[in-house]
Amino acid sequence: MSFDEGVIKFRPHWIKSNLADFALASEMNSWRKKLYDLKLIGAYEGDIGFGNISMRVGEGLEFLISGSGTGNDDWTGTQHYTKVIDFSLEKNSVTCVGPIVASSESLTHALLYAFDPKIKVVVHVHHRALWTSLVNKIPTTQAHISYGTVEMAMEVKRLFNETELKKTRLFAMAGHPDGLISFGSNFAEACQLYFDLL
C-alpha cells in the first residue's frame, strides 16, 4: 500500500521512562492479542503497522495507548505502551511518558476521552471488508480528511455533535482506507462491535 500509514503527524513531546501502569497495560495486551489474531491490528507490506488501542487512566484525560509502529508486533509487553499526559489541538502536540512514543492516532483518542467521561477505551482497527461495508452507512469522516491530524480530531467532534455516533460507538474514516474506530466503557464493549460484524 502506498500511503502514509503509521506516520506521526502531531508534534510529539516524549518523556522516555519505564511504564508504571503494569496492570492496565496487561489488560490492554490481552485484548490487543484478540484483535491481532483476527487481523484487525497488524501490518501491511513493508512492516507498516496499523491499528492501536487505548485506555483511560483514572477519571481525568490521561490514557495509555499502544506505541507508534507496534501494529506489526505479534507479541507486546509493557514496553509497547505509553501514557499520554497532555495534548493540544492548537499546537498539534501530544505529550507522552513511557518507553515508546504514542501512536499516530493519539489526538483522535485524546479528543474522544475529552468528549465524554463515560468513554474508557478506544479501539482503532483496519479491515478492508468491514470498512467497505460500513463506510458512509455508519457515521463516517469526510474523505479529504487525513488520519492523525487536528482536522481528523475536529471531524470526530462534528460526528459526535451531528450524527448518531454517541449511540453507534463506531465510525469509519473515509480518508483512511480500512480504518474504523470504536469506543466504550470497557474493552469488551468496544471490541464486541467488531466481533459481531466479522
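The values are calculated or read from the model by the stated rules, or taken from the named source; none is laboratory data. None of the values given here were measured: they were computed from a predicted structure. So basically every Cβ, Gly included, is an ideal-geometry build from the backbone, and we count neighbours across all protein chains shown.
Which residues, counting only those in segment 68-81, are more than 13 Å from the chain's Cα centre (by Cα) and either among the basic types (Lys, Arg) or not in a loop (DSSP other than H, G, I, E, B) (or both)? If you could, list the steps in order and put the result at the bottom.
Just the residues of segment 68-81 that are more than 13 Å from the chain's Cα centre (by Cα), to begin with: 72-80.
Listed by number, the residues that qualify are THR78, GLN79, HIS80.
Can you pull out every residue in segment 20-67 that is acidic (Asp, Glu), without any contact (Cβ under 8 Å) to a residue 60 or more places away in the chain and touching a Lys or Arg at 6+ places or on another chain (Cβ under 7 Å)?
Selection gives GLU62 alone.
Name the single residue, out of those in segment 56-74 being buried (at least 19 other Cβ atoms within 10 Å of the Cβ) and among the β-branched types (Val, Ile, Thr), that is modelled with the highest pLDDT.
ILE65
If a residue must be β-branched (Val, Ile, Thr) and either at pLDDT below 85 or part of a helix (DSSP H, G or I) (or both), how many such residues does segment 1-36 contain?
Count: 2.
Given the conditions (1) surrounded by fewer than 21 Cβ atoms within 10 Å (Cβ to Cβ); (2) in contact (Cβ under 8 Å) with a residue 60 or more places away in the chain; (3) closer than 20 Å to GLY179 by Cβ, report the number of the one that THR132 does not fulfil.
The number of the failed condition is (2).
Let me confirm something: among ASN161, ASN186, which residue is exposed (fewer than 14 other Cβ atoms within 10 Å of the Cβ), closer than 19 Å to ILE53 by Cα and among the polar types (S, T, N, Q)?
From the options ASN161, ASN186, the qualifying one is ASN186.
Only one of these conditions is not met by ILE145: (1) within 29 Å of THR76 (Cα to Cα); (2) in a loop (DSSP other than H, G, I, E, B); (3) aliphatic (A, V, I, L, M); (4) free of Cβ contacts under 8 Å to residues at least 60 places away in the same chain. Which number is it?
All conditions are met except number (1).
Given the conditions (1) modelled with pLDDT under 85; (2) surrounded by 13 or more Cβ atoms within 10 Å (Cβ to Cβ); (3) touching a strand residue (DSSP E or B) at 6+ places or on another chain (Cβ under 8 Å); (4) more than 12 Å from LYS83 (Cβ to Cβ), report the number of the one that ILE53 does not fulfil.
Unmet for ILE53, out of (1) modelled with pLDDT under 85; (2) surrounded by 13 or more Cβ atoms within 10 Å (Cβ to Cβ); (3) touching a strand residue (DSSP E or B) at 6+ places or on another chain (Cβ under 8 Å); (4) more than 12 Å from LYS83 (Cβ to Cβ): (1).
Can you tell me how many residues in segment 71-98 are more than 17 Å from VAL122 (Cβ to Cβ) and of a type in the set (A, V, I, L, M)?
The qualifying residues number 1.
Would you confirm whether or not segment 51-67 contains a residue that is in a loop (DSSP other than H, G, I, E, B), touching a Gly at 6+ places or on another chain (Cβ under 9 Å) and farther than 25 Å from GLN192 by Cβ? Reasoning before the result, please.
Within segment 51-67, the first condition is being in a loop (DSSP other than H, G, I, E, B), and the residues that meet it are 51, 57-62.
From what is left, the residues that are touching a Gly at 6+ places or on another chain (Cβ under 9 Å) are 51.
From the residues that got through so far, the ones that are farther than 25 Å from GLN192 by Cβ too are none.
No, there is no match, as no residue in segment 51-67 is in a loop (DSSP other than H, G, I, E, B), touching a Gly at 6+ places or on another chain (Cβ under 9 Å) and farther than 25 Å from GLN192 by Cβ.
Can you give me the number of residues within segment 76-114 that are in contact with a Lys or Arg (Cβ under 8 Å, 6 or more places away or on another chain) and more than 27 Å from LEU165 (Cα to Cα)?
5
Could you say whether any residue in segment 148-163 is within 13 Å of the chain's Cα centre (by Cα) and more than 30 Å from SER17 (Cα to Cα)?
Pass one, segment 148-163, residues within 13 Å of the chain's Cα centre (by Cα): 148-149, 152-153, 156.
With the extra rule that they be more than 30 Å from SER17 (Cα to Cα), the set shrinks to 156.
There is at least one residue in segment 148-163 that is within 13 Å of the chain's Cα centre (by Cα) and more than 30 Å from SER17 (Cα to Cα).
When only residues in segment 89-137 that are in contact with a His (Cβ under 7 Å, 6 or more places away or on another chain) and in a loop (DSSP other than H, G, I, E, B) count, which is farthest from LEU193 (Cα to Cα)?
ILE100
Looking at segment 51-59, is at least one residue closer than 24 Å to HIS126 by Cβ and more than 14 Å from the chain's Cα centre (by Cα)?
No: zero hits.
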